[in-house]
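Undergrad: Encoded as structure tokens, here's the structure I'll be asking about.
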Amino acid sequence: MKPGARILIVDDDPGVLRAVRGLLQDGGFSVVEARSTVEAARLLEAPDAPPALMLLDLRMPGETGLELLARLPKPLPVPVVVLSGEASPSEAVQALKLGATDFVEKPPSPERLLTALHNALALGALREERERLLDALAQPGHLVGESPAMESLRQLIARVGPSDTAVLITGETGTGKERVAQALHKASGRKGRLVAVNCAAIPATLLESELFGHERGAFSGAVARRAGRFEQAQGGTLFLDELGDMPLELQAKLLRVLETRQVERLGGTLPVPVDVRILAATHQDLGRAVKDGRFRQDLFFRLNVLPLHLPPLRERPEDLLPLARVFAAELAGPRTPLVLAPGAEAALRAYPWPGNVRELRNVIERLNLLRGDGPLELGPDAVAAPATTAPAPRRTLGDRSYREHVEDFERDLIRAALREGESIAGAARLLQVDRGNLYRRIKALGLPVAS
């Protein structure tokens, strides 16, 4: 906590104000006082010299401290430490639920009060830094990376972001396609939200309702009208992730919405106009999917107005260290340095990163979970080339039946497809089978559904 932080004391008791003011000033802080929540709210909204922290009494004439906490925006504009001698345990719990950082009973000991203030200000500083970092990463000019590919990507996003043109983002799994979608939305200046839909994670039977919404009674369980993701993104951006997994029959309905700019809820009769920019992403080759009959050509042309490809991490090694430092700051805190042991950078560059940026973040997260006090140290053993799998021992026929042998082979095949495809939808795509049928075989063979 930096000396001189400005503390707002909100209390109607002159004696408390005088005592706390003296304690804080002796500790090197500047103090501003308010004897009501109305005055406190005015000081919080002041554009010049806002307080760094509010020390708030709960029991005051007129509006109480709890009522002030309830009406302030969330997250709270400044850290809040509650100071009260008459509050009940339920009021203390309620204050913490409304965002207060700590609760100190009157009369407070100097040590207890100063510790609460130090902790609240330090936590507030970390939250501000985290928000600043995350917001910066979502800006088109701050996508992390020093490679020529990332510089070209930032320039392209800055150029096309303000338009309403559909963008098709392609790249391997884990390359950061959703991060690019966030940057495009930020650059668009659109007032609405960015709404994301993972087309592979939602069962085909529910995806239509998720996208377009439904009216009450449209199907069993539809007890109320529900706006779909298109309507939720009104005035903003809809991000369709893993678009290649969308069923063909739903692709036709999506194309109609893109052409008419209207949606019809399931069970509805009236079209609903929508003003939404469409961003789509996939790790599949949609051109090949069109040739194979798995993706509509007209929808592909509609979405592929501006193709934007993210190269895999192994093709842009210049981005490894900047990304590692960003993840370290996000996971371990901005004040925890990332230290590279000898040979660490060479190991990072030698590793092929099959999981791309997502895998790099997992490596830093693992280091952070296992570290003790001190810096976050990245050694050459943090990553290693994938171990070669020893060949499975050759099975003998023994007294097992033909069916049992076939089921063993099928289990091994499905396990391998789940590992490579990373989901049931991905495994079904690799095996070229229906997702529902594959799910039933997984259960019938006794394999874990979450594999």
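Matching residues to (1) touching a Pro at 6+ places or on another chain (Cβ under 8 Å); (2) crowded, with 16+ Cβ neighbours inside 10 Å; (3) of a type in the set (Phe, Trp, Tyr):
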{"position": "PRO14", "(1), (2), (3)": "no, no, no"}
{"position": "LEU43", "(1), (2), (3)": "yes, yes, no"}
{"position": "ASP48", "(1), (2), (3)": "no, no, no"}
{"position": "GLU63", "(1), (2), (3)": "no, no, no"}
{"position": "LEU72", "(1), (2), (3)": "no, yes, no"}
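Undergrad: For the range 242-258, state whether one or more residues are open to solvent by less than 50 Å² (accessible area, probe 1.4 Å), among the hydrophobic types (A, V, I, L, M, F, W, C), under 29 Å from LEU308 (Cβ atoms) and assigned to a strand (DSSP E or B).
TA: No: the range 242-258 contains no residue that is open to solvent by less than 50 Å² (accessible area, probe 1.4 Å), among the hydrophobic types (A, V, I, L, M, F, W, C), under 29 Å from LEU308 (Cβ atoms) and assigned to a strand (DSSP E or B).
Undergrad: Output the number of the condition that THR269 fails; it satisfies all remaining conditions of (1) of a type in the set (Ser, Thr, Tyr); (2) open to solvent by less than 30 Å² (accessible area, probe 1.4 Å); (3) assigned to a loop (DSSP other than H, G, I, E, B).
TA: Evaluating THR269 over (1) of a type in the set (Ser, Thr, Tyr); (2) open to solvent by less than 30 Å² (accessible area, probe 1.4 Å); (3) assigned to a loop (DSSP other than H, G, I, E, B) leaves (2) as the failure.
Undergrad: Spot the failing condition for SER401; the list is (1) modelled with pLDDT of 75 or more; (2) farther than 30 Å from ALA324 by Cβ; (3) among the polar types (S, T, N, Q), and only one is missed.
TA: (1)
Undergrad: Looking at (1) in a loop (DSSP other than H, G, I, E, B); (2) at pLDDT 90 or above, can you tell me which one GLY4 breaks?
TA: Result: GLY4 fails condition (2) only.
Undergrad: Going by the structure shown, is GLY287 in contact with a strand residue (DSSP E or B) (Cβ under 8 Å, 6 or more places away or on another chain), within 24 Å of GLY171 (Cα to Cα) and either in a helix (DSSP H, G or I) or among the charged types (D, E, K, R) (or both)?
TA: Details: in contact with a strand residue (DSSP E or B) (Cβ under 8 Å, 6 or more places away or on another chain): no; within 24 Å of GLY171 (Cα to Cα): yes; either in a helix (DSSP H, G or I) or among the charged types (D, E, K, R) (or both): yes.
So GLY287 fails the test.
Undergrad: So, in the range 408-445, exactly how many residues are open to solvent by less than 60 Å² (accessible area, probe 1.4 Å), farther than 21 Å from THR173 by Cα and of a type outside the set (Asp, Glu)?
TA: 5
Undergrad: Do the conditions hold for ARG216, that is, is it closer than 12 Å to LEU266 by Cα, basic (Lys, Arg) and touching a helix residue (DSSP H, G or I) at 6+ places or on another chain (Cβ under 8 Å)?
TA: Considered against the rule, which asks whether it is closer than 12 Å to LEU266 by Cα, basic (Lys, Arg) and touching a helix residue (DSSP H, G or I) at 6+ places or on another chain (Cβ under 8 Å), ARG216 comes out as no.
Undergrad: Across the range 79-122, which residue is farthest from ARG6 (Cα to Cα) among those that are open to solvent by less than 60 Å² (accessible area, probe 1.4 Å) and among the acidic types (Asp, Glu)?
TA: Top of the filtered list is GLU91.
Undergrad: Are there any pairs with C-beta distances below 7 angstrom linking a residue in the range 210-233 that is in a strand (DSSP E or B) to a residue that is aliphatic (A, V, I, L, M) and open to solvent by 20 Å² or more (accessible area, probe 1.4 Å), with the two at least 6 apart or on different chains, and if so which?
TA: Between residues of the range 210-233 that are in a strand (DSSP E or B) and residues that are aliphatic (A, V, I, L, M) and open to solvent by 20 Å² or more (accessible area, probe 1.4 Å), the close pairs are HIS214/LEU266.
The values are calculated or read from the model by the stated rules, or taken from the named source; none is laboratory data. Every value quoted in this text rests on a predicted model; they were computed, and no experiment measured them. Glycine gets a Cβ as well: all are built from the backbone with ideal geometry, and neighbour counts include every protein chain shown. Surface areas here come from the heavy atoms of the whole protein model, side chains and all, with no ligands, DNA or RNA. Shrake-Rupley method; radii C 1.70, N 1.55, O 1.52, S 1.80 Å.
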